[in-house]
Amino acid sequence: MIAGASGIAAATSSAAAPGAANLSEPQLKRIPYQSPRTGKEREYFVYLPRGFAQRKDWPVMLFLHGDGERGDAKAELDYVLIHGPLSEAWFQKRDLPFVIISPQLDKFSRGEIPYIKNRTPAQIPKRLADGVPPRQDERNARTDVTLGGLPANNQLRDAPLGPPEGWSEMDAEVMAMVDNTIRDFKGDPKRVYVTGLSYGGFGTWFFGSKYPQRFAAMAPVVGYGYPEQAVAIAAAKLPVWCFAGGRDPSVPPQYFFAAMNELEKLGGVENRFTIEADLGHFTWVRVYGGEDLYAWLLTHSR
């Protein structure tokens, strides 16, 4: 652990200091909107942390889910709660000191993919009146791929927007959610962060590179970027902490080096790259279940 655990604890306790016993309880709000991309009425989640009512401004986190959590953003919206920081805050009842925005990516043509088609609501955790549900076991994030060093592979597919029918499809409405959350839920425009897993990791690179002045830091998890995206990120001095799984068969770590090396070559920006060598694609279980990422985000402001 870095000095992150104490950092996030300090941020939370400072928010809770005056009249801690009377802090407002966390809330999970469904915000309706009209989608310009799909033409349909949809919703997205906004999580308000403990003590929201007692503070004037809050760090804002935009969280982008992975491919398996797509849906109609109505009856299927709860699927975005399965993984990530919103799951940690809502089900595990962690006092993460962020207003969290969690939109849902439309299925588009991907609804027949088995892990989407065959999912059931039983996979969605439940917030318990007492205690918390069991977390995913980190051991399930491993695969049979052996540990070992891997050479870089710069033959990247799907540049520059990432895999097909990804978060770039819903660009305008996602950024409108950020603007509305800052306005309506006391968000601090200088402390807006973007993070996401898998498809959402690619989405993090997309939004970070297209709107680098809007974010104070970005953290893509098991989703790589492209060298052309690194140019805008470096120019804006947008800090990056990228994560990959050493045993990930879906998004192998070899493909991450191109953008990370470009960031380093361009210079002038803090960039971290962590490979969880013993984990596979579900590396996010460890990343979002820990403390370090949240503490690191909170050290950055525009």
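The values are calculated or read from the model by the stated rules, or taken from the named source; none is laboratory data. Since the structure is predicted, the reported quantities are computational estimates derived from the model, not experimental observations. Neighbour counts are summed over all protein chains in view; Cβ atoms, including those assigned to glycine, are modelled from backbone coordinates with ideal geometry. Side chains included, ligands, DNA and RNA excluded: accessible areas come from the protein's heavy atoms. Shrake-Rupley method; radii C 1.70, N 1.55, O 1.52, S 1.80 Å.
Points to keep in mind about this one:
- Residues considered: TYR33, TYR115. Of these, the only one that is of a type outside the set (A, V, I, L, M, F, W, C), surrounded by fewer than 18 Cβ atoms within 10 Å (Cβ to Cβ) and in contact with a Gly (Cβ under 6 Å, 6 or more places away or on another chain) is TYR115.
- Number of the condition not met by LEU64 [criteria: (1) closer than 24 Å to ARG119 by Cα; (2) under 22 Å from the mean Cα position of the chain (by Cα); (3) open to solvent by 10 Å² or more (accessible area, probe 1.4 Å)]: (3)
- Residues that are of a type in the set (A, V, I, L, M) and under 21 Å from VAL251 (Cβ atoms), drawn from region 175-209: VAL194, LEU197
Here's the yes/no breakdown for (1) closer than 13 Å to ALA217 by Cβ; (2) open to solvent by less than 40 Å² (accessible area, probe 1.4 Å); (3) over 17 Å from the mean Cα position of the chain (by Cα):
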| residue | (1), (2), (3) |
| --- | --- |
| VAL251 | no, yes, no |
| ALA259 | no, yes, yes |
| LYS265 | no, no, yes |
| VAL269 | yes, yes, yes |
| LEU279 | no, yes, yes |
| GLY289 | no, yes, no |
| TYR294 | yes, yes, no |
| SER301 | yes, no, yes |
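- Candidates ARG183, ARG139, ARG191, ARG157: the one that is free of Cβ contacts under 8 Å to residues at least 40 places away in the same chain, open to solvent by 10 Å² or more (accessible area, probe 1.4 Å) and under 18 Å from MET61 (Cβ atoms) is ARG183.
- Residue match in region 76-96 (condition: within 24 Å of PRO36 (Cα to Cα), among the charged types (D, E, K, R) and at pLDDT 95 or above): yes
- Reported count of residues in region 64-120, each being part of a loop (DSSP other than H, G, I, E, B) and out of contact with any strand residue (DSSP E or B) (no Cβ under 9 Å at 6 or more places or on another chain), is 20.
- Being charged (D, E, K, R), modelled with pLDDT of 95 or more, within 20 Å of PRO85 (Cβ to Cβ) and out of contact with any strand residue (DSSP E or B) (no Cβ under 7 Å at 6 or more places or on another chain) is a condition met by at least one residue of region 190-197.
- Of the criteria (1) modelled with pLDDT under 95; (2) among the β-branched types (Val, Ile, Thr); (3) part of a helix (DSSP H, G or I), which one ILE2 fails: (3)
- Condition met for ILE82 (without any contact (Cβ under 8 Å) to a residue 60 or more places away in the chain, open to solvent by less than 70 Å² (accessible area, probe 1.4 Å) and over 23 Å from GLY245 (Cβ atoms)): no
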